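The values are calculated or read from the model by the stated rules, or taken from the named source; none is laboratory data. Please read all numbers here as calculations on a predicted model, not as lab measurements. Cβ placement follows ideal geometry from the backbone for every residue including glycine, while neighbour counts extend to all protein chains displayed. Note: accessible area is taken over every heavy atom of the protein model, side chains too, but ligands, DNA and RNA are not part of it. Shrake-Rupley method; radii C 1.70, N 1.55, O 1.52, S 1.80 Å.
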Amino acid sequence: RLFDLDPDLLPLFQYNCKQFASPQECLSAPEFLDHIRKVMLVIDAAVSHLENLSSLEEYLCNLGKKHQAVGVKVESFSTVGESLLYMLEKCLGTAFSPDVQEAWSKLYGAVVKAMQRGWETLPEGD
């Protein structure tokens, strides 16, 4: 779903300097699947620390800096969030109520805001 929403994200996923020729090639690459596992670990950490998301602040800020360093734009995270909600809706079916959607949107939004603070804390010139 991610590359359907924004095909321009494909070039950001380069592993060992390899540019993928198609979204399908990227989606089947072991490195991309590992990246997806890492994304899900971040989501899991946020869910596990729901009552104290601020405890993840430094980690998420640093994660934001790493994403900025490889050319990811903050705006791209809304596409990732839309893809996450789509996946949840498909997996949960009727259990994906408006309240569940709102809760996931808020959680994902809080994670992205913390990562975005990593962009804002970079020194001038970096």
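With respect to being closer than 20 Å to Ala114 by Cβ, of a type in the set (A, V, I, L, M) and open to solvent by 80 Å² or more (accessible area, probe 1.4 Å), Leu41 fits the description. Of the residues examined, Val80 is not one that is open to solvent by 40 Å² or more (accessible area, probe 1.4 Å) and either more than 21 Å from Arg1 (Cβ to Cβ) or of a type in the set (D, E, K, R) (or both).
Given the options Ala46, Ala29, name the one that is out of contact with any Asp or Glu (no Cβ under 7 Å at 6 or more places or on another chain), free of Cβ contacts under 8 Å to residues at least 60 places away in the same chain, open to solvent by less than 40 Å² (accessible area, probe 1.4 Å) and not β-branched (Val, Ile, Thr).
Numbers: Ala46 fails: free of Cβ contacts under 8 Å to residues at least 60 places away in the same chain.
Ala29 is the lone residue from the list that is out of contact with any Asp or Glu (no Cβ under 7 Å at 6 or more places or on another chain), free of Cβ contacts under 8 Å to residues at least 60 places away in the same chain, open to solvent by less than 40 Å² (accessible area, probe 1.4 Å) and not β-branched (Val, Ile, Thr).
Of the listed requirements (1) modelled with pLDDT under 95; (2) more than 23 Å from Ser22 (Cα to Cα); (3) part of a helix (DSSP H, G or I); (4) open to solvent by 40 Å² or more (accessible area, probe 1.4 Å), Leu122 misses just one: (3). Listed by position, the helices (runs of 4 or more DSSP H) contained in segment 1-86 that have at least 3 residues being within 13 Å of the chain's Cα centre (by Cα) are 30-48, 57-69.
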